[in-house]
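Read the structure below first, then the notes.
Every read-out reported here was derived from the displayed coordinates using simple, explicitly stated rules and does not represent laboratory data. Remember, it's a predicted structure, so these values are computed and weren't measured experimentally. As a convention, Cβ positions derive from the backbone with ideal geometry for all residues, glycine included, and neighbour counts pool all protein chains shown.
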Amino acid sequence: MKRIIIVGGGTAGWLTAGTLAAKIKESCDMGPRITLVESPNVPIVGVGEGTWPTMRNTLRKMGIRETDFIRECDVSFKQGAKFAKWTSGADNDFYYHPLILPQDFNHINLAPHWLDQGAGQSFSEAVCPQEALCELGLAPKLITTPEYASVANYAYHLNAGTFSKFLQKHCVDKLGIEHILDDVLSVNSADNGDIRSLSCASGSEIDGDLFIDCSGFKSLLLGQHYQVAFKSCKDTLFLDTALAVQVPYPDENSAIASHTISTAQDAGWIWDIGLSSRRGVGHVYASDYCSEQEAADKLRAYVKASGADADKLDYKKILIQPGHREKFWHKNCVAIGLSAGFLEPLEASALVLVEMSAQMIAEQLPANRAAMSIVAKRFNKTFSYRWQRIIDFLKLHYIVSKRDDHDFWIDNRNKATIPDSLQELMELWTYQSPWHDDFDHAAEVFPAASYQYVLYGMGFETQASFLERSESRRKLAMESFQKNKMLTQQLVQHLPTNRELINKIKEYGLQKV
Ligand SMILES: Cc1cc2nc3c(=O)[nH]c(=O)nc-3n(C[C@H](O)[C@H](O)[C@H](O)COP(=O)(O)OP(=O)(O)OC[C@H]3O[C@@H](n4cnc5c(N)ncnc54)[C@H](O)[C@@H]3O)c2cc1C
């Protein structure tokens, strides 16, 4: 393995390049050279502003200073997602999917004990401090907390456009990645069917040993060249169109929400992501249930309600084909990012998959062609599992809803649209709360805690099980609820607001790790 070629300079391309280069630099002196070729004519998709906490480790491992990243990519801190109007559609209907695990989650399952207590606090409020922090717009750390460390677990909201440019600069200047601006026009094959080289518009030919397809929805290498089939999941996840808009704050000191706000609509939902200098807002909807005009009207009304002049803004339309390739690594080509597939923006699951894919390639980088087939086989098995788990988790949000005000919500609960794997889990969870053993892999994208937050946030009922019923378990649970209450009180008193912390970081920076 002498040369790795990455096609595409969006977030997927640069995150992959940086992750591989940092790992190679750390592990050996004479590793493969990495080249990233990107079209000067095809723009990046330019959306994708919500992330998972994994991004902290991804950036840290690449040698990026968190202070630089926050200052240059319009970043704010994200502590989870608030889902409004997803359960009944009423004005006061909301729940949180926070980023902190329920209190003592590795020792005790608090869900049955919370269910026993009956009404009162919401599930997320009872087991974790983050709902309270988000409702107050607080930050997840202090200015004295070192870079990437947290007081409350967090991810980021970021500007997708500036992020890929920021990564590009770091990858080229600090990690020695070769960057070529050119249009890839065709693929040249070797006798064994591998990709030998790429021919570009400038007339140059780029040869390599491993080709990573980060060419976005075009899927230039895996989709167009190799014709690896696309597995649509539109029968399960109905959304296929997004309208996105950038909304200014009323003034430069306006509060920044500490979470992604997701507000359900008649046939989809609106995302609202607060960056440090503006909000990113978008309506993602199912065109089978809602016209573009209706979707645009709803988005404008939402933007107007927040005080912005909705008629003066530019709206961008993006078509989505929910689904993924049947496999992701074929011959000497592996697809990462939109070229591998995309489901929908709910729960920001795309970038986390990019990070996990790049990480697995970096950890298992085949030394030569002979080792590649077995690595590819394992990669395909792992990621087929992960895509299916994510499809299940996203669908969960729609099937627990009790909304019946629109066919979109009613059809979402039709059994024929629910994967068998999810139906089986739903049946299990009628009798016992989600727990670690319900899943096959140790490193799940969405762990049992995420399922608990969604299910119980949406009022799902689990019948009393004989498990967890002893007096000693009950006592332990009460102690955990109490611990969470104390922790919440402490954090609420000491944490600054999201805006205050961002301003301080811009002025003074965070302590280096
Ligand atoms: C509406 C919407 C909302 C989203 N929200 C989120 C979110 O909140 N969180 C999240 O994690 N993800 C989200 N995503 C997904 C996220 O945007 C993508 O995963 C991420 O931006 C990575 O995109 P990419 O790099 O794969 O593709 P792109 O950004 O499209 O980049 C493709 C690259 O390929 C290059 N290219 C294309 N053709 C050629 C050629 N012939 N020769 C050379 N280069 C070429 C282009 O120049 C470009 O550099 C969202 C996606 C959509 C559609």
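A few notes on this one:
- From least to most packed, judged by other beta carbons within 10 angstrom and beginning with the fewest, 233, 134, 200, 28 follow the order 28, 200, 233, 134.
- Among 304-314, 103-113, sorting by the average number of other beta carbon atoms lying within 10 angstrom of each residue, highest first, gives 103-113, 304-314.
- Electrostatic tally near residue 170: other residues with Cβ closer than 14 Å to its Cβ, Lys and Arg +1, Asp and Glu -1, net +4.
- Protection proxy ranking of 363-370, 91-98 - average other beta-carbon atoms within 10 Å, highest first: 91-98, 363-370
- Using the Cβ-Cβ distance between residue 486 and residue 181 with R0 set to 51 Å, the FRET efficiency works out to roughly 0.35.
- DSSP-loop trypsin sites (Lys or Arg not before Pro) across the range 438-513, with at most 11 other Cβ within 10 angstrom: 512
- You can think of it this way: the chain between residue 319 and residue 367 has 13.4 nm of extra reach, that is 0.36 nm per residue less the Cα-Cα gap.
- Stretchable slack from residue 254 to residue 145, in nm (0.36 nm times residue separation minus alpha-carbon distance): 36.9 nm
- The stretch between residue 475 and residue 437 holds 11.4 nm of extra length on full extension. This uses 0.36 nm per residue minus the Cα-Cα distance.
- The chain: radius of gyration over Cα atoms, expressed as a fraction of 2.2 N^0.38 Å: 0.98
- Computed from the C-beta positions of residue 416 and residue 378, the FRET efficiency with R₀ = 30 Å rounds to 0.35.
- Across the chain, Cα pairs under 8 Å and at least six residues apart give a relative contact order of 25 percent.
- Cβ crowding within 10 Å ranks 144, 241, 162 as 144, 162, 241, fewest other Cβ atoms first.
- Projected label distance in nm at residue 294 and residue 326, using a 7 Å step from Cα toward the beta-carbon: 3.6 nm
- Anisotropy class of the range 210-273 from Cα gyration tensor, a/c 1.5 cut: oblate
- A Cβ-based charge dipole, computed about the Cα centre of the chain with Lys and Arg at +1 and Asp and Glu at -1, lands at about 1180 debye.
- Taking packing as the residue-averaged number of other Cβ atoms within 10 angstrom, the listed peptides 7-17, 182-192 run from highest to lowest as 7-17, 182-192.
- DSSP beta bridges fully contained in the chain are about 70 percent antiparallel.
- Take every pair of alpha-carbon atoms less than 8 Å apart whose residues are at least six positions apart; their mean separation over the length of the range 220-289 yields a relative contact order of 34 percent.
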